Amino acid sequence: MFTYQGDKEMKLVNTNNPSLVSHDIYVKIEQPMPIYHSTEELYSNEEDYEIIRKADLYNRYKTIKIDKEQYYLPIDKPTFIATEETFIPLSITKEGFKIYQLDGLRLRLTDNCFIRLYGILENPGGYRAMVTSTGLWGIVQDIEVSAGVPPKITEQRLWNIKLSRELRNESRDRKLSLLKTTNVAQVMDYKFLSRLLNPLASDSFLDPMKAAYGTYSQHGLKIPKKDLLDIISSERVQKLILKELQIIMPDLAEAIKAKIQPVSVATMLQKIADDTIKKDNASVQDKLMAVQAILNAGYPEEAITLNPQLGGSQMMMPMAGAIPQNLIKYEQPKIMGGDEVDSKPIPKDFMDDGEYKDLKEQAGYMEGTTFDDDTEFKPLNFSK
């Protein structure tokens, strides 16, 4: 068992050294910055300080409020992060490997190491990092910190080639998965269409693979040929291609009709309907819609409509070229500054003799008390 042989001299890092690349935030921090390689060193050089365990960093600083104008929260009280390292690290290579201090031919043991925490920095994108005496360490679930001095006192991804490669691969995998599975058109899809259908696009014109490679395999996103085929054959991209072709080739529909006979379309519709009906997990609505597609294509004049209930509302497949009348709803307009228009049926402009007689009786009408239109009205004289 190795025994720790400590001393009281801490390691100092000075970002004012022109040979050491550092983040701009260190202009606000007093230099030099301490790094302690044992608890004894910390006790011997600091007073009135706080120690934070590495496991507590994420919950403590991930959601802490930061001034959105400054994007930086300084920590004024001397605060030190316990890195929980067993051996004393001297430096870290640009590949992310630690160089340890030796006792003869053996690694030098320690009970703990401590780095000073100066503040929390937040990028506009939401990424947060701890500003420490050994650089910027990201606030993530599995936080990594070290008392070793990296080649640059900046974000870890800017000097750690291994981490940068891993992050780039993760980003590539996420983008690739999105391009292969999403139904939402992407900006890259429209660039692909431009390369494929634009005669000025040199050698990628009408060459799907070249157009795909020149579009999707960019900005460090190297996509294998098989994945490119999956992307351009996806339903999302195929719909975009057909939509664009309909614009630049108005006769495309007639050409398709000439190429694909009605019997082929009928066969395809029948297969879709059969497959849907046989599926155990298909809902009643799905099965009816599959049948309705055949009715729309083959029996438009009969206007056969299937109306399964969907949460109290009607679902229907419209006939080809027509709008189902029972789906049209008219809302009565409102008169500006007046009453709402009555939605009751409008009365008839005329009434028969029986209706007229009933209305007179209801109103208490007396015979001989009305005037014709041309009768001159004379006021009654009560002076007699």
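The values are calculated or read from the model by the stated rules, or taken from the named source; none is laboratory data. From a predicted model like this one, the values you see are computed outputs, not experimental measurements. All Cβ positions, glycine included, derive from the backbone under ideal geometry; neighbour counts span all protein chains shown.
Below, the figures for the structure above:
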quantity: Strands (runs of 3 or more DSSP E) contained in the stretch 20-108 and holding at least 2 residues under 37 Å from the mean Cα position of the chain (by Cα); calculated: 50-53, 72-82
quantity: Search result, residues across the stretch 270-291 that are surrounded by 13 or more Cβ atoms within 10 Å (Cβ to Cβ) and within 35 Å of the chain's Cα centre (by Cα); calculated: Ile272, Ala273, Thr276, Ile277, Ala282, Gln285, Asp286, Lys287, Leu288, Met289, Ala290
quantity: Some residue of the stretch 114-132 being within 20 Å of Leu57 (Cβ to Cβ), of a type outside the set (D, E, K, R) and more than 38 Å from the chain's Cα centre (by Cα); calculated: yes
quantity: Of all residues making up the stretch 185-219, the number that are of a type in the set (S, T, N, Q) and at positive phi; calculated: 1
quantity: Residue match in the stretch 156-173 (condition: aliphatic (A, V, I, L, M), farther than 30 Å from His23 by Cα and in contact (Cβ under 8 Å) with a residue 12 or more places away in the chain); calculated: no
quantity: Answer from Ala253, Ala290, Ala273 - the residue that is assigned by TED's automatic domain parsing to the domain that holds Asn198 and either assigned to a helix (DSSP H, G or I) or at pLDDT 80 or above (or both); calculated: Ala253
quantity: Residue among Tyr43, Tyr71, Tyr26 that alone is under 17 Å from Gly138 (Cα atoms), surrounded by fewer than 17 Cβ atoms within 10 Å (Cβ to Cβ) and of a type in the set (Phe, Trp, Tyr); calculated: Tyr71
quantity: Test: residue in the stretch 303-324 that is surrounded by 12 or more Cβ atoms within 10 Å (Cβ to Cβ), at pLDDT 75 or above, in a helix (DSSP H, G or I) and at negative phi; calculated: no
quantity: Filter result for Arg53 (of a type in the set (Lys, Arg) and free of Cβ contacts under 8 Å to residues at least 24 places away in the same chain); calculated: no
